[in-house]
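A short reminder: the numbers here are calculations on the coordinates, not readings from a lab. Being a predicted model, the structure only gives us computed values, none of them experimental. All Cβ positions, even for glycine, are placed from backbone atoms using ideal geometry, and neighbour counts span all protein chains on display.
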Amino acid sequence: MQKALTAGADAVVLDLEDSVAPPDKVSARGEVARVLASIGPTGGREVHVRINRGPGGPDLDDLAAVTVPGLTGIRLPKVDSWEEIRAVAAALDVLERSAGMAPGGVLLYPSIETAAAALAAAELAAAPRVARLVFGATDFLADISAPGAVDGPATVVARGTLVLASRAAGIGAPIDAVHPALDDEEGLRRGAQFARELGFFGKSVIHPRQIAVVHQAFAPSADQLVEARRVLAHVEAHGEGATTLDGKMIDAAVVARARRLVAMAEGPDA
């Protein structure tokens, strides 16, 4: 966990779910809580915890243990209903007050890992505290009994659905699934570029050496930034409204895209 916190990721996810064996769940919960407490409320990092899921939905004991200053997000695995997100949000209202944390400071990141969840993406994206949806490709492929790679054609419709649902709900663009092969840098790069072209915000990684590849894939190119800044300078000089630059139409959509590109280059929260 300490290594992850200094690896240079935009957000660190401390995992209580798949990476912890069942006999170790309770002790792992305590270790994560201690790490979060050591960070404190001014750690300056995005630190999330992926909690477990029991028969009745998200594990609220996990949630209670890790809702301490230093926590900024909760990853909810295998979400399938708006109601369970609402239950977690309601629990956080109480837990934040008990921990002396700012109300509403802990945001939720539901993981879409089934066909049912993908079809309910618009509803899930509109649930309380949801910041972004997260795609879980491996479990999704298993759920629909599809062979092939995590970035293969069987995932395209689900990925596109997450992008559209997120935009319609007014939340951040979704986060793409991990690339499980650590030694496949080219595959990781292709998958990250594919996700960006679909409209994803970023991509989860499982090892620090994957971070630089993903950052590069999602960052605007130098040429794109030059063009975006030219567009913004043109608008500043000539005012808002449809105009032209080098014979190309500059309308509100083009200006908005230019602003997003510049914001992406200037910080991870854009």
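Structure above, values below:
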item: The stretch 222-266 - Rg and Dmax from Cα coordinates, angstrom; result: 9.8, 28
item: Spherically averaged projected area in nm², based on the convex hull that wraps the Cα atoms of the stretch 161-250; result: 7.8
item: Two-site label geometry, Ala219 and Arg259: point separation in nm, points 7 Å out along Cα→Cβ; result: 2.4
item: Within-12-Å neighbourhood charge of Leu133 [Cβ basis; K, R +1; D, E -1]; result: +1
item: Student exercise, the chain dipole from Lys, Arg, Asp, Glu Cβ charges, in Debye to nearest 20; result: 420
item: Over the stretch 2-218, relative contact order from alpha-carbon pairs under 8 Å, at least 6 apart, %; result: 14
item: Magnitude of the charge dipole, the stretch 182-270, Cβ model with Lys/Arg +1 and Asp/Glu -1, debye to 20; result: 80
item: Given charges at Cβ of Lys, Arg, Asp, Glu: the stretch 40-155 dipole, positive-most of Ile74, Gly105, Pro128; result: Gly105
item: Estimated FRET transfer efficiency when R0 is 25 angstrom, pair Glu197-Thr243 (beta carbons, to 0.05); result: 0.35
item: Value of [θ]222 nm, deg cm²/dmol, for the chain, DSSP H segments ≥ 4, -39500 (n - 2.57) each, nearest 500; result: -14500 deg cm²/dmol
item: P(r) tail fraction, the stretch 2-218 - alpha-carbon pairs more than 28 Å apart, %; result: 25
item: For the stretch 1-124, alpha-carbon Rg and Dmax in angstrom; result: 14.1, 40
item: DSSP beta bridges in the chain [antiparallel fraction, %, rounded to 5]; result: 20
item: Cα-based Lys proximity count in the chain, under 22 Å, for pairs eight or more positions apart or on separate chains; result: 4
item: Label point distance in nm, Thr6-Glu185, each placed 7 Å from Cα along Cα→Cβ; result: 2.3
item: Full-stretch length increase - Asp24, Ser98 - with 0.36 nm per residue and alpha-carbon distance subtracted; result: 24.0 nm
